[in-house]
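Encoded as structure tokens, the structure appears first; notes follow it.
The values are calculated or read from the model by the stated rules, or taken from the named source; none is laboratory data. Values in this document were obtained by computation on a predicted structure and should not be read as measured data. Cβ: placed from backbone, ideal geometry, glycine included. Neighbour counts: every protein chain shown.
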Amino acid sequence: MMQVKAQIGKFQLAIMILLFLIGNTPLLKPPGQLKQDSWIALLIGAAFGSLYLWMLLVIQRRSPDSDLAELYQQLFGKWLGFALAFPQGLFFAYEASRNIRDFSDLTAMTILSRTPEWSIKLLMVMLSLYAVWGGTRVLFRLAELLFPIVVLGYLLIIVLLIQAGLPDFHRLQPIMSDGIGPILKVVFPDFTAFPFAQILTMLVFWKYVKPSAAIGKITYRAYTMTALFSIFMHMLVMSVLGPGLNEYSTIPFLQAVQLIQLANFLERLDVVVTVLIIIGLFIKLSLLFMAAALTLSSLLKIPYRTCAVVLAPIIYGVCFLEPNHSVHQWIGFHIVIRYLIPAQMLLMTVAFLVGFFRKGKKSSKAS
């Protein structure tokens, strides 16, 4: 039988972090009040996210052979740890369902406008279940195979945008015309919670990475590369659309690429954008799906694949709870980003402090 919890290599970890954090980031639409300064908020958010990442890595180093569910129980005790880890596992599943909803809404707006949404969502759930069923080896290997496509796709778009003469970086000026205040108001939680705080998901998988000593270095490098890439792409899109058009675009990245017309024959590049976002969404939802299955399996002491099969219809059903795309976006911004993810960050901060004080007590007793 295939080993579902196989070792993860350093290169595989780096690629997964890159694809996971990029994920549905191209769908990010910054608050309109930031105008051309939204990239600064993203930069500061990435800096705050790096501090959060450092804290998670410290927690992992204290118990390198434990997953997230085990860490909760070690730090908070069996019953309180269970009460905290169980909703965390369910939240991973909920986040996976939100990515499926993003996928179905995107394809309905672009390449599959006449296809019933229920069938698109069902296909995505089944494909994700197939990847999750194979375990860490299959999913991380799949990310390795898809990574060159993503790199080439984004390079193509960047080159064609520049070749078409669309970017005008004067549109990013004036910088901080209203001061730093409006930027700082949205940095936390908006630009820290999404996408950077979602690095918490990797705490489920770090125990499988070998050699474990390389986890910190590889994770920091991948995180930094993702942050710089996201900021650059954000600036590029803003330089094409300007703050006015960017504010009224449903998907600014897609809108910018749709403006490309070279030699009257190179058009419809929005298909390339759609494919890139689909790959990112698939990897992200599959990793969240797997994180949910691994967390609940560890917590409930039942087989991992049983958890995956039980979670699949739940994830599928949750996709239909939001009546339309506007409600989906509102919940994501006003509830998930504003409250749920910050609550996770607060909980991990408490876990970090508990571990710190316990370590201090052990050191004082030893002396």
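Of the residues Ser128, Ser113, which single one is of a type in the set (S, T, N, Q), within 19 Å of the chain's Cα centre (by Cα) and either crowded, with 17+ Cβ neighbours inside 10 Å or modelled with pLDDT under 90 (or both)? Reasoning before the result, please.
On the way: Ser113 fails: within 19 Å of the chain's Cα centre (by Cα).
It is Ser128.
Out of all the residues in the range 87-119, which are charged (D, E, K, R), without any contact (Cβ under 8 Å) to a residue 60 or more places away in the chain and in a helix (DSSP H, G or I)? Step through it out loud before you land on a result.
Initially, the range 87-119 is screened for residues charged (D, E, K, R), giving 95, 98, 101-102, 105, 114, 117.
Adding the requirement that they be without any contact (Cβ under 8 Å) to a residue 60 or more places away in the chain leaves 114, 117.
Passing the criteria: only Glu117.
In the range 252-270, the residue that is modelled with the lowest pLDDT out of those that are buried (at least 17 other Cβ atoms within 10 Å of the Cβ) and not in a loop (DSSP other than H, G, I, E, B) is Asp270. Within the set Gly23, Gly9, the sole residue that is touching a residue at least 12 places away in the same chain (Cβ under 8 Å) and in contact with a Gly (Cβ under 6 Å, 6 or more places away or on another chain) turns out to be Gly23.
Listed here are the residues, each with its yes/no results for (1) at positive phi; (2) of a type in the set (A, V, I, L, M, F, W, C); (3) surrounded by fewer than 23 Cβ atoms within 10 Å (Cβ to Cβ).
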{"residue": "Thr250", "(1), (2), (3)": "no, no, yes"}
{"residue": "Val272", "(1), (2), (3)": "no, yes, yes"}
{"residue": "Leu287", "(1), (2), (3)": "no, yes, no"}
{"residue": "Cys319", "(1), (2), (3)": "no, yes, no"}
{"residue": "His328", "(1), (2), (3)": "no, no, yes"}
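Under the condition of being within 30 Å of Ile8 (Cβ to Cβ) and not aliphatic (A, V, I, L, M), the residues counted in the range 213-252 number 12.
Looking at the structure I just gave you, is Ser50 polar (S, T, N, Q), in contact (Cβ under 8 Å) with a residue 12 or more places away in the chain and surrounded by 19 or more Cβ atoms within 10 Å (Cβ to Cβ)? No; evaluated as a whole, the condition is false for this residue.
Restricting attention to the range 289-302, and to residues there that are free of Cβ contacts under 8 Å to residues at least 24 places away in the same chain and assigned to a helix (DSSP H, G or I), which single residue is surrounded by the most Cβ atoms within 10 Å (Cβ to Cβ)? Outline the logic, then answer.
Filtering the range 289-302 for residues free of Cβ contacts under 8 Å to residues at least 24 places away in the same chain gives 297, 300-302.
Adding the requirement that they be assigned to a helix (DSSP H, G or I) leaves 297, 300.
Details: Ser297: 21, Leu300: 14.
Among those that are free of Cβ contacts under 8 Å to residues at least 24 places away in the same chain and assigned to a helix (DSSP H, G or I), it is Ser297.
Yes/no per residue for (1) among the aromatic types (Phe, Trp, Tyr); (2) more than 29 Å from Phe11 (Cβ to Cβ); (3) in contact with a helix residue (DSSP H, G or I) (Cβ under 6 Å, 6 or more places away or on another chain):
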| position | (1), (2), (3) |
| --- | --- |
| Glu95 | no, no, yes |
| Ile100 | no, no, yes |
| Met109 | no, yes, no |
| Val132 | no, no, yes |
| Leu155 | no, no, no |
| Pro167 | no, yes, yes |
| Gly179 | no, yes, no |
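For the range 334-348, enumerate the residues that are touching a helix residue (DSSP H, G or I) at 6+ places or on another chain (Cβ under 9 Å) and loosely packed, with under 15 Cβ neighbours inside 10 Å.
To start, the set of residues in the range 334-348 that are touching a helix residue (DSSP H, G or I) at 6+ places or on another chain (Cβ under 9 Å) comprises 336-342, 344-345, 347-348.
Once the filter is applied, which keeps residues that are touching a helix residue (DSSP H, G or I) at 6+ places or on another chain (Cβ under 9 Å) and loosely packed, with under 15 Cβ neighbours inside 10 Å, the range 334-348 yields Arg338, Tyr339.
Restricting attention to the range 196-245 and to residues that are among the basic types (Lys, Arg) and at pLDDT 90 or above, the residue that is nearest to the chain's Cα centre (by Cα) turns out to be Arg221.
For the range 303-325, the criterion of a residue being in a loop (DSSP other than H, G, I, E, B) and farther than 21 Å from Asn24 by Cβ is satisfied by at least one position.
Quick one: count up the residues across the range 313-326 that are farther than 19 Å from Pro116 by Cβ and either in contact with a Lys or Arg (Cβ under 6 Å, 6 or more places away or on another chain) or at pLDDT 90 or above (or both). Before the answer, list the steps.
Kept after step one, since they are farther than 19 Å from Pro116 by Cβ, are these residues of the range 313-326: 314, 326.
Imposing the further condition that a residue be either in contact with a Lys or Arg (Cβ under 6 Å, 6 or more places away or on another chain) or at pLDDT 90 or above (or both) reduces the set to 314.
The qualifying residues number 1.
Any residue at all in the range 167-184 that's farther than 14 Å from Trp39 by Cβ and crowded, with 19+ Cβ neighbours inside 10 Å? No, there is no match, as no residue in the range 167-184 is farther than 14 Å from Trp39 by Cβ and crowded, with 19+ Cβ neighbours inside 10 Å.
Number of residues in the range 179-235 that are in contact (Cβ under 8 Å) with a residue 40 or more places away in the chain and either outside any helix (DSSP H, G or I) or small (Gly, Ala, Ser) (or both) equals 14. Would you check which residues across the range 199-236 are touching a Gly at 6+ places or on another chain (Cβ under 8 Å) and either within 19 Å of Arg141 (Cα to Cα) or not β-branched (Val, Ile, Thr) (or both) and list them? The answer is Val209, Lys210, Tyr223, Ala227. The numbered conditions (1) among the polar types (S, T, N, Q); (2) modelled with pLDDT under 90; (3) buried (at least 18 other Cβ atoms within 10 Å of the Cβ) are all true for Ser63 except (3).
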